[in-house]
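I have placed the structure first, in the form of structure tokens, so that the comments after it can refer back to it.
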């Protein structure tokens, strides 16, 4: 894993102040030509421990399911796994971010302007994040205030093996707070630099970020990389300085301009409800009313607790 030394060279090629206009223009184009296929949802709020969890009911997953089946079929016929990012779909291409990363629209988006921050060359999704990943993340977060997240491996909700972070603009909810877990973040108790949330009875760790003091995305990335290692050590995913390229266990990572949260994972779903990083932001997805009922009976935090690692 690359270290955070500032001897690294800036690689960002995204022109400052252009990302949002590129996103909106490409979204209009992709909708017109049918490349972008939004999944419509209904939603309800389920409140627990002061958090208004946004629960979306996916009304039509047929197209996405069919696309996954097609990918698997193409992978089987060519005896290798299909990769939608190599080559990527031109109509979903937003912009080049850096020499190592580019930005695409999420084809089957539930949230408007859901972006993928993808490595140009193939890297495994269960590799540790590195300074170039964080440089690309900060280049985008500087332009769009939102939630960046990483599903570290299949068990953490990753549907593709090719390394990609994701970014969804704020607000995450149609009404109320810009992110449902804001009250939980506010309640965090810190010991030195690492915080924990009292109502999260599962393994996790939180750090505060200060992007304002950074001179560039690379500068911000160097500091973030060190804090990422701090989080990994805090939850037991990294016992010493990193040596291996591949992660030791699946996890979810969430980052805003102000904070970064990590949650090691134990399983992909609980009571048939799948969870990715957005679940830990307070935004859950269910496939139908039956799953919605299960979620209400079990409670959102119980579901999160069962897919995360216990203390």
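The values are calculated or read from the model by the stated rules, or taken from the named source; none is laboratory data. Predicted, not measured: the structure shown is a model, and the values here were computed from it. FYI the Cβ positions are ideal-geometry reconstructions off the backbone, even for glycines, and counts take in every protein chain you see.
Here are a few things to note about the model shown:
Residue-wise test of (1) assigned to a loop (DSSP other than H, G, I, E, B); (2) modelled with pLDDT of 95 or more; (3) within 19 Å of the chain's Cα centre (by Cα).
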| position | (1), (2), (3) |
| --- | --- |
| 206 | no, yes, yes |
| 221 | no, yes, yes |
| 244 | yes, no, no |
| 248 | yes, no, yes |
| 253 | no, yes, yes |
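- Qualifying positions in region 142-161 - over 13 Å from the mean Cα position of the chain (by Cα) and more than 21 Å from residue 249 (Cβ to Cβ): 142, 143, 144, 145
- The lone exception for residue 177 - which of (1) part of a loop (DSSP other than H, G, I, E, B); (2) crowded, with 19+ Cβ neighbours inside 10 Å it fails: (2)
- When 157, 223 are checked against the criterion of being surrounded by 17 or more Cβ atoms within 10 Å (Cβ to Cβ), touching a residue at least 60 places away in the same chain (Cβ under 8 Å) and under 22 Å from residue 125 (Cβ atoms), 157 stands alone in meeting it.
- Within region 279-295, the presence of at least one residue that is part of a helix (DSSP H, G or I), in contact with a helix residue (DSSP H, G or I) (Cβ under 9 Å, 6 or more places away or on another chain), touching a residue at least 40 places away in the same chain (Cβ under 8 Å) and farther than 30 Å from residue 142 by Cβ is confirmed.
- Flag if residue 117 is buried (at least 21 other Cβ atoms within 10 Å of the Cβ), within 14 Å of residue 160 (Cα to Cα) and touching a helix residue (DSSP H, G or I) at 6+ places or on another chain (Cβ under 6 Å): yes
- The condition (being surrounded by fewer than 16 Cβ atoms within 10 Å (Cβ to Cβ) and within 30 Å of residue 41 (Cα to Cα)) is satisfied by just one residue among 293, 305, 246: 293.
- Condition met for residue 188 (touching a residue at least 24 places away in the same chain (Cβ under 8 Å) and surrounded by 18 or more Cβ atoms within 10 Å (Cβ to Cβ)): no
- Residues within region 90-119 that are closer than 25 Å to residue 214 by Cα and without any contact (Cβ under 8 Å) to a residue 60 or more places away in the chain, tallied: 6
- Any hit, region 301-310, residues being out of contact with any helix residue (DSSP H, G or I) (no Cβ under 6 Å at 6 or more places or on another chain), over 18 Å from residue 205 (Cβ atoms), assigned to a loop (DSSP other than H, G, I, E, B) and touching a residue at least 60 places away in the same chain (Cβ under 8 Å): no
- Within region 208-219, restricting attention to residues that are part of a loop (DSSP other than H, G, I, E, B) and either crowded, with 20+ Cβ neighbours inside 10 Å or touching a helix residue (DSSP H, G or I) at 6+ places or on another chain (Cβ under 7 Å) (or both), the residue that is modelled with the lowest pLDDT is 214.
- No other residue among 149, 200 is surrounded by 17 or more Cβ atoms within 10 Å (Cβ to Cβ) and either modelled with pLDDT under 95 or within 26 Å of residue 24 (Cβ to Cβ) (or both) apart from 149.
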